[in-house]
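Below you'll find the structure, written out as structure tokens, and then a few comments.
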Amino acid sequence: MFLVSKEFTFDAAHKLIHYHGKCERLHGHTYRLRVTIKGEKDEEGMVIDFALLKKIVQKKVISVLDHSYLNDIINQPSAENVAEWIWNQIEYLLDTPTHYLYEITLWETPTSFVTYRKDLSDKTHHSATSSR
């Protein structure tokens, strides 16, 4: 099995409602996003073409979120909720007989990030880990 990843960046603003701290005020981030695919090589020797992965993420995620106000798109746009939203936008386009969406890591800052991963024991359940 191989893990194939591609990274992206986008800028967006948000605020956290009913949160008591500085993030309740309007602020922005330059987000860094890593999308990881897991699978076996195909007859061309690739798990997934990087160009195809880029096209999917650009169309379904970056073009929607870049320079946006996340609260207009995602309810309570914490890093966890943004990562889950991203997953839901692209998972169905990346699940094939030979590969699938394995993990999304989203950085709000260089040292604060969340990783969202599918729990393979239950296709309807996802697990999340955070580093704050």
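The values are calculated or read from the model by the stated rules, or taken from the named source; none is laboratory data. Source: prediction; values computed, not measured. Because the Cβ atoms are built from the backbone with ideal geometry, glycine has one as well, and the counts that use them run over all protein chains shown.
Residues that are of a type in the set (Asp, Glu) and outside any helix (DSSP H, G or I) within region 1-40 comprise 7, 11, 40, listed in sequence order. When we screen 108, 24 for residues that are of a type in the set (Asp, Glu), surrounded by 12 or more Cβ atoms within 10 Å (Cβ to Cβ) and touching a Phe, Trp or Tyr at 6+ places or on another chain (Cβ under 7 Å), the only hit is 108. For beta carbons closer than 6 Å, sequence separation of 6+ or different chains, a first residue in region 71-89 that is of a type in the set (A, V, I, L, M) and a second that is in a loop (DSSP other than H, G, I, E, B), the qualifying pairs are 82/74. In region 27-45, which residues are out of contact with any strand residue (DSSP E or B) (no Cβ under 8 Å at 6 or more places or on another chain) and either free of Cβ contacts under 8 Å to residues at least 40 places away in the same chain or over 13 Å from residue 2 (Cβ atoms) (or both)? Listed by number, the residues that qualify are 43, 44, 45. Only one of the listed residues (130, 121) is surrounded by 13 or more Cβ atoms within 10 Å (Cβ to Cβ), modelled with pLDDT under 95 and over 17 Å from residue 56 (Cα atoms). That residue is 130. Is it the case that region 74-83 has a residue that's part of a helix (DSSP H, G or I) and more than 13 Å from the chain's Cα centre (by Cα)? Checked against the condition, which is being part of a helix (DSSP H, G or I) and more than 13 Å from the chain's Cα centre (by Cα), region 74-83 yields no hits at all. Testing residue 49 on (1) over 21 Å from residue 68 (Cα atoms); (2) modelled with pLDDT under 95; (3) surrounded by fewer than 13 Cβ atoms within 10 Å (Cβ to Cβ), one condition comes back false. Which one is that? Of everything listed in (1) over 21 Å from residue 68 (Cα atoms); (2) modelled with pLDDT under 95; (3) surrounded by fewer than 13 Cβ atoms within 10 Å (Cβ to Cβ), residue 49 misses just condition (2).
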